[in-house]
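Heads up, the thing below is written out as C-alpha cells.
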Amino acid sequence: MTEQTQHYDDMFAGLLEEIWGEGYLSPGGPKEVARVLSGLDLTGLRVLDIGCGTGAITLSLVRDHGAGHAVGIDVEGHVCIEARARAAGAGVADQIEIVQVKPGPFPFEDETFDLVFSKDSIIHIADKEALAQDIHRVLRPGGWFAASDWLTSHDGAMSPAMTRYIELEGLGFAMASPARYASALQASGFGAVDTISRNAWYLDTARDELQMLAGPRRAELAGKYGVGLVAENIAVWQAMIAVLETGELCPHHLRGQKL
C-alpha cells in the first residue's frame, strides 16, 4: 500500500460518515458491499480486507456475510485503532484481526486467504501489476478477488477537469483504467476477470450527496466539522460530478478467480 500522510483524520472521517454511513469512508454503505460480493458465498471463509479504514466493512464481512475470519489492513494507525474497537464492541473480536501495514507486499504467507476484498482503497496503490500479483499470491487456489475502486476511463494524460478533481481531493490518488486493471489481473494468473462500470449509479448518488452537503444540512455540518471543511468538500463534489458526467471518472467493480 502507498506511503502517505494521515488523510482520514477524525474530522474528515466524521464528515464522510455523515455522507456515507457510520464507519464507511466510501459510498454505498452495506448495500454496495453486498453488490460487490454478489454471487459469492463467504460462509466460514478467511477473508482479507484491503484498506479497512474504521472497520465497518470488515465487520460486515463477518456479521452480514458469514466470513469465518476477516483480516483488515490499513496504513493509518488511528483508523486501525477504531476498527479494533468496532469489532470488540460488536462482540466479534475473536473473528476479526486488524493489522496496520507498511507500503509494499502484504505481510502474509502464500495461500492464506479464500477471498481478498477491497472497497475503494486500491486507488491509493500506484503499481496495479504488483498489487495483482500479491493478491494472487495470498489467495488459495480457487479463491476470489472482489473489489470496487475509483477508475479513470483511460490511461495517460488526464483532462484539466480530472486533474482539478484529483488536486482538490488531495488523497494521493493513483488512478488507472479498467483495461489496465483487467490486464494486471490476467497477467497475474486470474481467470473469470470482470470489470463492471458503476458510473451511472454513482453519478446519481453523488448528486444526492452534494445536495445534502450544500443544502439544508450545510449549517449543521459546518457546526460539527467546520465551515472550511464543508466548503472544501462541496468543491470536491462539484468537481467530481463534472468528471462523472463525462465518464472520465468511472467507478468499477472488479473481480477475478485464482485458477
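Per-structure values
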| quantity | calculated |
| --- | --- |
| Gained length - residue 187 relative to residue 35, 0.36 nm times residue gap less alpha-carbon distance | 52.2 nm |
| Distance from region 147-223 to region 59-91 (C-alpha centre basis), Å | 24 Å |
| Within-14-Å neighbourhood charge of residue 178 [Cβ basis; K, R +1; D, E -1] | 0 |
| Relative intensity, log₁₀ I(q)/I(0), of region 1-144 from a Debye sum that treats every alpha carbon as a point, q = 0.09, 0.18 Å⁻¹ | -0.24, -1.06 |
| For q = 0.10, 0.11, 0.15, 0.16 Å⁻¹, Debye-computed log10 I/I(0) when each Cα of region 128-259 counts as one equal scatterer | -0.41, -0.49, -0.78, -0.85 |
| All aspartates and glutamates inside 13 Å of residue 128 as judged from Cα atoms, apart from same-chain residues fewer than 8 positions distant | 149, 155 |
| Test item: Cα-centred dipole of region 10-258, Lys/Arg +1 and Asp/Glu -1 on Cβ, debye | 240 debye |
| Likely footprinting exposure, 173, 190, fewest C-beta neighbours within 10 Å first | 173, 190 |
| Spatially proximal lysines relative to residue 31 (Cα-Cα < 25 Å; intrachain offsets below 8 disregarded) | 119 |
| Cα Rg, Dmax (largest Cα-Cα span) when computed across region 69-109, Å | 10.6, 31 |
| Principal axes of the chain: Cα extent on each, largest first, Å | 50, 44, 32 |
| Estimated D of region 43-99 in µm² per second, where Rh is the Kirkwood radius over Cα pairs and Stokes-Einstein applies at 4 °C, 1.567 mPa s | 123 µm²/s |
| Computed [θ] at 222 nm, helices only, for the chain once each DSSP H run of length n ≥ 4 contributes -39500 (n - 2.57) | -13500 deg cm²/dmol |
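Computed from the coordinates by the stated procedures, all read-outs in this text should not be read as laboratory data. Treat the numbers as computed from the prediction; the structure is a model and nothing was measured. Glycine also receives a Cβ, built like all others from the backbone with ideal geometry; neighbour counts cover every protein chain displayed.
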